[in-house]
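Everything on this sheet refers to the single structure shown next.
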Amino acid sequence: MDADLARARTLGILAVKLLSHGTADDFAAVFHPLARNHAGPYVPPDCRAQGPSAIHATSLWLRATFTDLDWSIHRLVADGNQVAVYAAMSGTHSHDLVLYGPDGSQQQTIPASGAIFTVLHTYWFRLADGLIIERTVDRGELGSAPNNPPVRRSRMRVGLR
């Protein structure tokens with residue numbers, strides 16, 4: 001495996017695993033200063049910004065809602081400047097999940113359920129200058145929330161760990 005492909009694979013793994021515990025400096029080491037975060041239309045406004053801070057903000061939003069967060073990598077494919085990671089996010093829904101509207105205002109709150117869950121996600125990353133410059137997530141857990149339309153194409157599996 002050449003060095004660029006190995007780096008792409010490593011960045012893909014780090015970009016997912018850091019969501020549970022990474023610091024702002026950790027995200028800055030993985031994401032390009034101009035990184036785009038396509039996290040969904042329901043995330044807080046600071047997650048919609050550009051750069052590593054937006055992805056870090058997404059991580060903090062998840063951590064504020066779910067405890068015991070972890071991601072298990074099931075598959076990883078790297079080709080050129082693209083990386084796809086198929087992973088299972090697991091944790092406990094310990095705190096209210098706040099969803100935001102297109103204007104950034106709070107639109108809905110899903111009360112903490114205490115449920116232990118596992119949800120499958122596919123992460124798509126594009127690299128530039130040796131860092132991730134674009135992050136997109138296909139997921140479905142919010143599609144099953146009350147009064148919330150499905151989010152992108154996705155598969156969802158919820159169950160006890």
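The values are calculated or read from the model by the stated rules, or taken from the named source; none is laboratory data. Because the structure is a prediction, the values reported are computed rather than measured. Note: areas computed on protein heavy atoms with side chains; ligands, DNA, RNA excluded. Shrake-Rupley method; radii C 1.70, N 1.55, O 1.52, S 1.80 Å.
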Which length gain, in nm to one decimal place, applies between ASP4 and SER94 when the Cα-Cα distance is subtracted from 0.36 nm times their residue separation? 28.5 nm
In Å², and per residue, what accessible area does the chain have when probed at 1.4 Å with the other protein chains present? 50
If you project the alpha carbons of the chain onto their three principal axes, what span does each projection cover, largest first, in Å? 46, 34, 27
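Quick check on the chain: of the DSSP beta bridges with both residues there, what percent are antiparallel, nearest 5%? Please list the in-between numbers first.
Details: 34 of 38 bridges.
Antiparallel bridges make up about 90 percent of those DSSP assigns within the chain.
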Rounded to the nearest 10 degrees, the helix 3-17 long axis (Cα) sits at an angle to the longest Cα principal axis of the chain of 20
Any chance you could run the full-extension gain for LEU69 through THR136? It's 0.36 nm times the residue separation minus the Cα-Cα distance, nm to one decimal. 22.2 nm
